[in-house]
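*Asks:* Encoded as structure tokens, here's the structure I'll be asking about.
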Amino acid sequence: MTTLNLIYPEQSTIRFKTMVFPDGQPHIKIDMDSVQMLDRRQPVTLLTRVDNANDLLTTLFIKNTLDYLEFEQVGLHISYLTAARMDRVMLDGEPFSLKVVAGILNQGGFKKVKIFDPHSEVSTALIDRSYTVTNHQFVKDALDDYFRKHGNSVYCLVSPDGGALKKIHKLAQFLQTDNVVECMKERDVKTGALTNFKTTTENLEGQTCFIVDDICDGGGTFAGTAKMLKEKGAAKVNLIVSHGIFSKGSKIEFVDEIYTTDSFRKVEGVQCFEVGKYL
Ligand SMILES: O=P(O)(O)OC[C@H]1O[C@H](OP(=O)(O)OP(=O)(O)O)[C@H](O)[C@@H]1O
């Protein structure tokens, strides 16, 4: 596969240099020697994080460069998509950010777009020719790693809220388990405050729980959920999140171990897998 890999440049088939001009404009230069021998009718995949406005612009600049070079089939693999959480107008006076980001990506005219564990189906609904790459294999790898280190034990998968609930049963099917604990939380979208952590599961005595979700930002969702699970007897509460932002650090109260990927950035102090394997 021919790749232009911004996440792991050393693995890129097409070599390039990225830079930022003094006025802040991002720029890319493709090493023409590395494209000379390529058949431009064959597919090229651009792998990138789209975690800020400059990444978005760089992505479109690269597509434009490849268009000029007459590559015919350029696909885009996105490890982390900025604004994926803003999948509706949350409050009057705020934008529908994901719609804007999707509109920009659609300008690129990519042949196919794959997104690793997007926050909701709104991303693939708005982005042309786009597909979700599920978290299934990543979660399986995390569980295998955990049980290799700690020995096998009875475990349950936990969905912490409504967003995660939509995905957890397909994951459970993939992992061939039916031990799923459904939880709920409430978020005040004005203040971000989290309250009302609850679940209908009564007893988790001795269980090893794995909370599975797309993003850990400040970690409040997971501290609140883990506290509740431990009050119900859980022996261990671990967290598996595809995208580790960890805006308040990677130590989360009541959570024992954390698995994430470098989809957003490489995270120290937790088990951080390379996202490239899953894209
Ligand atoms: O680490 P935190 O700061 O707690 O944020 C992470 C949570 O935020 C997002 O969900 P959101 O609250 O937007 O709800 P939803 O999944 O039900 O849409 C995400 O899916 C996590 O559940």
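The values are calculated or read from the model by the stated rules, or taken from the named source; none is laboratory data. Note that the coordinates shown come from a computational prediction; the quantities given were computed from them, not determined experimentally. Note: ideal-geometry Cβ built from the backbone for every residue, glycine included; neighbour counts use all protein chains shown. Surface areas here come from the heavy atoms of the whole protein model, side chains and all, with no ligands, DNA or RNA. Shrake-Rupley method; radii C 1.70, N 1.55, O 1.52, S 1.80 Å.
*Asks:* Would you mind checking the tilt of helix 136-150 against the longest principal axis of the Cα atoms of the chain, expressed as 0 to 90 degrees and rounded to 10?
*Replies:* Helix 136-150 sits at roughly 50 degrees to that axis.
*Asks:* How far apart, in nm, are the 7 Å Cα→Cβ label points at ASN54 and GLU72?
*Replies:* For ASN54 paired with GLU72, the spin-label model returns 3.6 nm.
*Asks:* Name the residue from ILE252, LEU175, ILE30 whose Cα lies farthest towards the positive end of the charge dipole of the chain, charges +1 on Cβ of Lys and Arg and -1 on Cβ of Asp and Glu.
*Replies:* Checking the options against the dipole of the chain, the answer is ILE30.
*Asks:* Enter the accessible area per residue of the chain (Å², integer; probe 1.4 Å; all protein chains in place).
*Replies:* Numbers: 14030 Å² over 279 residues.
Per-residue value: 50 Å².
*Asks:* Taking 0.36 nm per intervening residue step and subtracting the Cα-Cα distance, what contour gain separates LYS232 from MET90 on full extension? Intermediate results must be reported in sequence, preceding the final value.
*Replies:* On the way: separation 142, 0.36 × 142 = 51.12 nm, distance 3.30 nm.
Extra length from LYS232 to MET90 when fully extended: 47.8 nm.
*Asks:* Using label points projected 7 Å from each Cα along Cα→Cβ, tell me how many nm separate MET19 and MET1, to one decimal.
*Replies:* 3.1
*Asks:* Could you look at the chain and say what percent of its accessible area is carbon and sulfur, using a 1.4 Å probe and all protein chains? Provide the component values of the computation, followed by the final result.
*Replies:* Numbers: 6960 of 14030 Å².
C and S atoms contribute 50 percent here.
*Asks:* Starting at the first residue of the range 6-16, write each ³J(HN,Hα) from the Karplus equation 6.51 cos²θ - 1.76 cosθ + 1.60 with θ = phi - 60°, in whole Hz, x for Gly and Pro.
*Replies:* Each residue's phi maps through the Karplus curve to give 7, 6, 10, x, 5, 9, 6, 5, 8, 7, 7 Hz.
*Asks:* How much length, in nm to one decimal, is gained on full extension between ASN152 and GLN36, taken as 0.36 nm per residue of separation minus their Cα-Cα distance?
*Replies:* Details: separation 116, 0.36 × 116 = 41.76 nm, distance 5.18 nm.
Fully extending the segment from ASN152 to GLN36 adds 36.6 nm.
*Asks:* Also, quick follow-up: Taking a point 7 angstrom from the Cα of ILE104 along the C-beta vector, which residues in the range 31-60 have backbone N less than 13 Å away?
*Replies:* What the label zone holds, given the 13 Å backbone N cut-off, is 50-60.
*Asks:* Mind giving me the nanometre distance, one decimal, between the label points for THR132 and SER247, set 7 Å out from Cα along Cα→Cβ?
*Replies:* 2.3
*Asks:* Going by average Cβ density within 10 Å per residue, which order do the peptides 153-162, 50-59 take, highest to lowest? Can you show the working numbers first?
*Replies:* Working: 153-162: 19.8, 50-59: 18.2.
Ranking, from highest mean packing down: 153-162, 50-59.
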